[in-house]
Amino acid sequence: MTGPDFARLQALVPQSPGWSVDWGAIWPLWPGLAALDACPQNPVHHGEGDVGIHTRMVVEALVAEPRWRALPPERRSALFWAAVLHDIGKPATTRQEDGRLTARGHSRIGALMARRLLWEAGAPFAWRERLCGIVAAHQLPFWLIEREAPGRLAVRTSWTAHARDLCLHALADARGRIADDVPALIDNIALAEATFEEAGAADTPYPFANAESRVAYFEREDRDAAYAAHRAPRLWVTVMTGLPGAGKDSWLAAHAPDLPVVSLDAIRAEIGAAGTGDQGRVIQAAREAARVHLRAGRAFAWNATNVTRMMRAKICDLARDYGAALHIVYLEPLPGRLFAQNRGRGAAVPQAAVARLADKLEPPAAWEAHRLTLVVDGTLTAPPFGPI
C-alpha cells in the first residue's frame, strides 16, 4: 500500500494568510484524482468541463468561503478533503443513459473509495467518517426540500453526516460549476439548511428520547421522531463486525467468554464449505442456529465480517423480529496490523479477498443498534455521530 500519510494531508490544507491550494502536490497523491481529468460530465449541469476541472473549482470555492475559514481546524480539514474527494466515484459510475451522461451512484461509491484511501493514510476514525458522510450525501442539500418528507430525511441524515458542514460543502459544489440552475441550487441549499435547523439536527444528530426510539425510527417509516418508545428487550444480540483478521474471535474471548456464538467460520469448517464462492448453505445454517437462540430468548453473538450495512441488516432484522436489542461491535486495526493478523490465523483469508472486502467497508453507525462499540487500532473510540 502506498500513498500519503495523514500528516501529509493535514499539511496540505490551505492556511492563513494566503489560503492557497497546492494543486501540484495534491493531484499526484492518488491515481483516482488524475482519473477525474479524463472523466466527462453532462454539459447541461457542468458547462465547466470534466470532473477534474469541476473538483478544482469546488475546492477553490470552498477555500474562498469565509465560513469555512472560520471553522475549527479539524472541521476545516475534513471539509477540504471532502471537497477534493467528493466526486472520486464518478469515473467508475459515469455512463451514457438515453443519450446523456450520468454518474448514478457516484456518491456512495466515492465514499467507499475515500474511506479506503484514508484508512491506508492512517486518518483518525471520526475525522474520516465525518468526511465520508459528506461524500456519501453531498448531493442531498440540492434536492432535500423537494422530497415528500424533507424533515424526516433531515433527521435520518443527521446521524450519518454533519448537516451544517454538508450544506457548506454543497454551496461550494454549486458554485464550482457552470450551469443555468446554479441560483436554484443555492436557494435549495439554504432551504435544506433551514430544514435541518427546524428539525433540531443542524449541528448534532437528532436527539431521540432513547436508544429504542432511535432504532425504531430508522426501521419504520411511520414512526414519529419525537416518540419515546418503551420496549424491554427479550434478549441482547451482539453482532460482530470487521474485516478478516480484525480480531473478532479474540474480542469475544476477552469480553464475552460465556456468550454462545454463531460463527460463520465455524459453520464452514463443520460442513466443509469454502470461504469464498456461494455461501448460501453457510448462511442458512447460521440463521437457523440464530433462530434457536432467539426462540429460547437466549443472548448470543453473531460472528461474521458484516462489513456492509446490508450484511448487518439481515441478522439485525431477524433479531428485531424476536424482540431483541442490538449491540454491534466493530473492530478496525490499522492496515498493516490487519493483514499481519490475518496471515497469522489458522485459516487465513487470501489477501486479495480481504482487499476486496476493504473496498466495500461501511463501518456501523450508531443508528443501527441500541449500543455500538467501536475499537479502532485497539482503542475504544466514540462514534462520529451519536452516543457510544
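Against the definition (touching a residue at least 60 places away in the same chain (Cβ under 8 Å), within 14 Å of V239 (Cβ to Cβ) and open to solvent by less than 40 Å² (accessible area, probe 1.4 Å)), how does A290 come out, yes or no? No: the conditions fail for A290. Of all residues in segment 66-92, those satisfying the criterion of being aliphatic (A, V, I, L, M), crowded, with 21+ Cβ neighbours inside 10 Å and touching a Gly at 6+ places or on another chain (Cβ under 9 Å) are A82, A83, L85, I88.
Scanning segment 124-151 for residues that are more than 22 Å from L334 (Cβ to Cβ) and either β-branched (V, I, T) or in contact with a strand residue (DSSP E or B) (Cβ under 6 Å, 6 or more places away or on another chain) (or both) returns I134, I145. Of all the criteria given as (1) surrounded by fewer than 19 Cβ atoms within 10 Å (Cβ to Cβ); (2) out of contact with any helix residue (DSSP H, G or I) (no Cβ under 8 Å at 6 or more places or on another chain), the one not satisfied by W251 is (1).
Among the residues of segment 224-236, just one is open to solvent by 40 Å² or more (accessible area, probe 1.4 Å) and in contact with a Phe, Trp or Tyr (Cβ under 7 Å, 6 or more places away or on another chain), namely R234.
Which one is farthest from G47 (Cα to Cα) among residues in segment 93-115 that are among the basic types (K, R), at pLDDT 95 or above and surrounded by fewer than 20 Cβ atoms within 10 Å (Cβ to Cβ)? Within segment 93-115, the match that is farthest from G47 (Cα to Cα) is R108. Screening the candidates E198, E212, E221 for the property of being in contact with a strand residue (DSSP E or B) (Cβ under 9 Å, 6 or more places away or on another chain), surrounded by fewer than 22 Cβ atoms within 10 Å (Cβ to Cβ), over 30 Å from P40 (Cβ atoms) and not β-branched (V, I, T) yields one hit, E212. One residue alone among R281, R298, R312 is farther than 30 Å from I109 by Cβ and either surrounded by 18 or more Cβ atoms within 10 Å (Cβ to Cβ) or modelled with pLDDT under 95 (or both), and that residue is R281. Check whether at least one residue in segment 332-348 is modelled with pLDDT of 95 or more, within 26 Å of R130 (Cβ to Cβ), outside any loop (DSSP other than H, G, I, E, B) and not aromatic (F, W, Y), and report yes or no. So far as segment 332-348 goes, yes, one or more of its residues are modelled with pLDDT of 95 or more, within 26 Å of R130 (Cβ to Cβ), outside any loop (DSSP other than H, G, I, E, B) and not aromatic (F, W, Y). Looking at segment 356-376, which of the residues that are free of Cβ contacts under 8 Å to residues at least 60 places away in the same chain and in contact with a Phe, Trp or Tyr (Cβ under 9 Å, 6 or more places away or on another chain) is surrounded by the fewest Cβ atoms within 10 Å (Cβ to Cβ)? Applying the filter and picking the extreme gives T373. For first residues located in segment 173-190 and polar (S, T, N, Q), partners that are assigned to a helix (DSSP H, G or I) and lie 6+ apart or on another chain with Cβ distances below 8 Å form the pairs N188/P141; N188/F142; N188/W143; N188/L144; N188/I145; N188/E146. With respect to the conditions (1) open to solvent by 20 Å² or more (accessible area, probe 1.4 Å); (2) in contact (Cβ under 8 Å) with a residue 24 or more places away in the chain; (3) farther than 21 Å from G336 by Cβ; (4) not polar (S, T, N, Q), G133 lacks only one, and its number is (1).
The values are calculated or read from the model by the stated rules, or taken from the named source; none is laboratory data. Owing to the predicted nature of the structure, the values given are computational and were not obtained by experimental measurement. In this analysis, Cβ positions are derived from the backbone assuming ideal geometry, glycine residues included, and neighbour counts consider all displayed protein chains. Ligands, DNA and RNA are excluded from the accessible area calculation, which covers all protein heavy atoms including side chains. Shrake-Rupley method; radii C 1.70, N 1.55, O 1.52, S 1.80 Å.
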